[in-house]
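The values are calculated or read from the model by the stated rules, or taken from the named source; none is laboratory data. Keep in mind the model is a prediction, meaning the values are calculated, not measured. Counting neighbours? That spans all protein chains shown, and the Cβs are built from the backbone with ideal geometry, glycine included.
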């Protein structure tokens, strides 16, 4: 594993923490088939088929673009205040058509940017969400998204626990704890697999849902290369959840100075962590190796 200049640097651990980190890396880090590089990609990188996850700088909110095989999808769209920057960034990338816009749950910091992307006229193959017809009565934000999709003649589909989507050659698997204790607890958990590379994007799930995932799925679902911290890293993760995931790198969709508990936890585990609130974070893989880097100050 090569650690470049763009990784988050943790405080020097004391003696027993060093022993723990050595064992942790011996057990977990060697399970990756390829390498993970915390730096800008090599010269020949873009000649290969790739998957790319871009986490935009939308402060404490989720706004992620997933690209693979010439296809693109959004996994949540951030808060409305970033709508113009999101529009301009997507346009600058030459993207005019999304295969999917996927909303993990209807809180404003996840759904509103998707509504605006539809309003701006981007082509959308399907607008996906986890709610039945009562959702429009429960959430004004969800109702606005559905109304905009209908206005733009975008197909709308409710997705369920166990559903699978394809984005290029990437497999996007959906898990949901339908009996979760809150809107956050029932938000969609997204796993992405591309070759031997994997990511877990668990939206805002709470500790009860994290425990349910460990008890019912364990490493079969949770063991991944890249993990997004649930609920923007505001609270620490359930230790068994984090240990089952055993990520090589972690994303927090938040500002560095707003996640004291989450930051302390990942520092203690020695996991390289990126904060998209400090600038766009990019995760790229050819299905084997990973490049992870951050563009400080960039949306």
Exercise for the section: Could you pull out the residue among 258, 263 that is under 23 Å from residue 65 (Cβ atoms), surrounded by 16 or more Cβ atoms within 10 Å (Cβ to Cβ) and not assigned by TED's automatic domain parsing to the domain that holds residue 58? Expected result: 258
Exercise for the section: Having 3 or more residues that are free of Cβ contacts under 8 Å to residues at least 40 places away in the same chain and out of contact with any helix residue (DSSP H, G or I) (no Cβ under 9 Å at 6 or more places or on another chain) is the bar; report the helices (runs of 4 or more DSSP H) wholly within region 185-272 that clear it. Expected result: 207-216
Handout entry: Extreme residue, surrounded by the fewest Cβ atoms within 10 Å (Cβ to Cβ), among residues of region 70-92 that are out of contact with any strand residue (DSSP E or B) (no Cβ under 7 Å at 6 or more places or on another chain) and farther than 13 Å from residue 299 by Cα
Key = 70
Practice task
Read through the list (1) assigned to a loop (DSSP other than H, G, I, E, B); (2) surrounded by fewer than 23 Cβ atoms within 10 Å (Cβ to Cβ); (3) at negative phi, then give the number of the only condition that residue 287 fails.
Solution key: (3)
Practice task
Determine, yes or no, whether residue 176 is over 19 Å from the mean Cα position of the chain (by Cα) and either over 30 Å from residue 257 (Cβ atoms) or not assigned by TED's automatic domain parsing to the domain that holds residue 100 (or both).
Solution key: no
Exercise for the section: Output the number of residues of region 126-167 satisfying the condition of being over 16 Å from residue 111 (Cβ atoms) and within 19 Å of the chain's Cα centre (by Cα). Expected result: 8
Handout entry: Test: residue in region 163-178 that is part of a loop (DSSP other than H, G, I, E, B), in contact (Cβ under 8 Å) with a residue 40 or more places away in the chain and in contact with a helix residue (DSSP H, G or I) (Cβ under 8 Å, 6 or more places away or on another chain)
Key = no
Fill in the blank from the handout: Counting only helices (runs of 4 or more DSSP H) wholly inside region 91-158, the ones holding at least 2 residues that are closer than 20 Å to residue 201 by Cβ are 108-119, 140-151
